[in-house]
1. Which of the residues belonging to region 21-47 are under 16 Å from CYS87 (Cα atoms) and over 11 Å from the mean Cα position of the chain (by Cα)?
2. Write out, first by first residue and then by second, each pair whose Cβ atoms fall under 6 Å of each other, whose residues are 6+ apart or on separate chains, and whose first residue, in region 22-42, is within 15 Å of VAL72 (Cα to Cα) while the second is in a helix (DSSP H, G or I).
3. Return yes or no: is ALA8 over 17 Å from ARG76 (Cβ atoms), crowded, with 16+ Cβ neighbours inside 10 Å and among the small types (Gly, Ala, Ser)?
4. Answer with yes or no whether ILE64 is surrounded by fewer than 16 Cβ atoms within 10 Å (Cβ to Cβ) and of a type outside the set (S, T, N, Q).
5. Does VAL112 satisfy the criteria of being hydrophobic (A, V, I, L, M, F, W, C), crowded, with 17+ Cβ neighbours inside 10 Å and free of Cβ contacts under 8 Å to residues at least 24 places away in the same chain?
Amino acid sequence: MIRGIRGAITVEQNEANEIVTATETLLREMIRANDVAADHVSFVLISVTDDIDAAFPAQALRRIDGWTYVPVMCTREIPVPGSLPRCIRVMMTVATEKRQHEIHHVYLGEAVGLRPDLSDRESRFGECQR
């Protein structure tokens, strides 16, 4: 079955190193929380809010051993008024035997507020506080 794993993180500043480092942190946690192998990933889509343009966050995936050939693309989020600023979102599509409710979506930093229902659920199941 192909499943989507969602994640999001925020950065304090539109600075290249912070963008790539934060994205790497998010990706590594998504991989860890869901026991994902690169060979099981169809593609990774990364979106950013309009206030992030100092770097391509996709560079972070290339810092992770074994992920060289995973297709990745960056795009912009819809600029909805009042939406969370300086936010990086990830959608990872993976082949897995896990059921939908077994997928651990990861929200870090201020992005926890995007889906507190999922963050609360994961902390109840013993995952690290997001």
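What follows is calculated from the coordinates using simple rules that are stated; it is not laboratory data. No experiment lies behind these values; they were computed from the predicted model shown. Quick reminder, even Gly has a Cβ in these numbers, built from the backbone with ideal geometry, and neighbours come from all protein chains shown.
1. Listed by number, the list holds a single entry, THR21.
2. Here the result reads THR23/PRO57; THR23/ALA60; GLU24/ALA60; GLU24/ARG63; LEU27/ALA60, each pair linking region 22-42 to a residue that is in a helix (DSSP H, G or I).
3. Numbers: over 17 Å from ARG76 (Cβ atoms): no; crowded, with 16+ Cβ neighbours inside 10 Å: yes; among the small types (Gly, Ala, Ser): yes.
It is false that ALA8 is over 17 Å from ARG76 (Cβ atoms), crowded, with 16+ Cβ neighbours inside 10 Å and among the small types (Gly, Ala, Ser).
4. On the way: surrounded by fewer than 16 Cβ atoms within 10 Å (Cβ to Cβ): yes; of a type outside the set (S, T, N, Q): yes.
In short, yes.
5. Working: hydrophobic (A, V, I, L, M, F, W, C): yes; crowded, with 17+ Cβ neighbours inside 10 Å: yes; free of Cβ contacts under 8 Å to residues at least 24 places away in the same chain: yes.
Against the criterion (hydrophobic (A, V, I, L, M, F, W, C), crowded, with 17+ Cβ neighbours inside 10 Å and free of Cβ contacts under 8 Å to residues at least 24 places away in the same chain), VAL112 qualifies.
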